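Working notes for the structure below.
The values are calculated or read from the model by the stated rules, or taken from the named source; none is laboratory data. Predicted, not measured: the structure shown is a model, and the values here were computed from it. With ideal geometry, Cβ positions are generated from the backbone for all residues, glycine too; neighbour counts draw on all protein chains shown.
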Amino acid sequence: MKLLYSIYKEYKVLTRDRAGLAITFIMPTVLILIITLIQDTTFRSVNEASVPLLIVDRDHDSLSSVLETSLIKSKFFVITKKQLSDEETKKEIATGHFFIGIIIPENTSKKLREKSSARIGKLLGSFSGDTTAIVEPLDTSKLKVQLYFDPITKKSFKTTISNSIERIISQIEMQSMVSSLNEKMKESFPLATPSKLELTPIVSLTEEYASYNNSSIIPNSVQHNVPAWTLFAMFFICIPLAGNIIRERDDGSAFRLLTMPGSYMIVILGKMLTYVIVSLIQFALMLCVGIYFTIIGFT
């Protein structure tokens, strides 16, 4: 009975401490909602297969067509095509309307075919020994495809996207080289029928998450923040607990408790059990906020 009355006493003291209750329950709830809302955009852009991508196609030829088709097949981008200037494209990315912007300059496909033909001509000319037939193009600069990234992009994610787009362009270059080679070979062997080069990768990579339960679920912003901030919020009970101990000392309640018959351990145990119960209620409340407010609200 002494322990029960000690717990009841702590309950009465805690319910009268409105500031302590606000710190214990309201502040963690607001913290979870705000942090989750702030991080939701970043988590969606990184984890979900729906990266908004803007293509400014000034080429209108084979390279831009094949690049767009390959990006669509990857099922990782939501593609939008617009005709914008460089500054307008940068503004669209900077304002967050798109995550990535790709500008394909004019005559890129035409210049690619010319450079491929020149390289194949140089290669075949070196075998035949006829160096006089080799004509180097005057423009030796590399063709450029401009990429713009949102400023919040992590370097690792930026590198991954750049490598993926560069790999697609490399395949287009290879196809152009093969087409030029077929044309040159057709001039030497007019009766031969050139076969189409198989561009399917010979070596493939297999990916798998190294998890204990064979789960491939990637946590979203809610699943990432709610457990972490719930455990952090449990430390807030130190504020009302310390305040109640100081208040009992100042108004003499602590001295009167010492004059009562029985062990002082009962008083300490009553405080411990009370705040353990408060922590469990707080834990359940934070989980309910995560389930019924953030998850349902974001889905």
Between a residue in the range 63-87 that is under 13 Å from PRO105 (Cβ atoms) and any residue that is of a type in the set (A, V, I, L, M) and modelled with pLDDT of 85 or more, which pairs come within a Cβ distance under 6 Å, given they are 6 or more apart or on different chains?
SER64/ILE104
Scan the range 158-173 residue by residue and report those that are among the polar types (S, T, N, Q) and touching a residue at least 12 places away in the same chain (Cβ under 8 Å).
SER162, SER164, GLN171
Determine whether LEU123 is crowded, with 20+ Cβ neighbours inside 10 Å and of a type outside the set (Asp, Glu).
no
When the range 252-272 is checked residue by residue, the ones that are outside any loop (DSSP other than H, G, I, E, B) and of a type in the set (Gly, Ala, Ser) are SER253, ALA254, GLY270
In the range 145-168, which residue that is within 24 Å of LYS73 (Cβ to Cβ) and in a loop (DSSP other than H, G, I, E, B) is modelled with the lowest pLDDT?
THR153
Any residue in the range 237-260 that is surrounded by 11 or more Cβ atoms within 10 Å (Cβ to Cβ) sitting within a Cβ distance under 6 Å of a residue that is not in a helix (DSSP H, G or I)? List the pairs, counting only those 6 or more apart or interchain.
PRO240/ASP17
Any chance the range 132-142 includes a residue that's modelled with pLDDT under 80, more than 26 Å from SER62 (Cα to Cα) and assigned to a helix (DSSP H, G or I)?
yes
ILE103: passes all of (1) surrounded by fewer than 18 Cβ atoms within 10 Å (Cβ to Cβ); (2) modelled with pLDDT of 85 or more but (1)
I'd like to check something: does the range 243-257 contain any residue that is at pLDDT 80 or above and among the aliphatic types (A, V, I, L, M)?
yes
Candidates LEU67, LEU71, LEU63 - the one that is assigned to a helix (DSSP H, G or I), more than 14 Å from SER176 (Cβ to Cβ) and touching a helix residue (DSSP H, G or I) at 6+ places or on another chain (Cβ under 9 Å)
LEU71
Search result, residues across the range 268-286 that are of a type in the set (Ser, Thr, Tyr) and over 19 Å from SER253 (Cβ atoms):
SER279
Which of the residues that make up the range 81-99 are farther than 18 Å from VAL66 by Cβ and either of a type in the set (S, T, N, Q) or not in a helix (DSSP H, G or I) (or both)?
LYS82, GLN83, LEU84, SER85, THR89, THR95, GLY96, HIS97, PHE98, PHE99
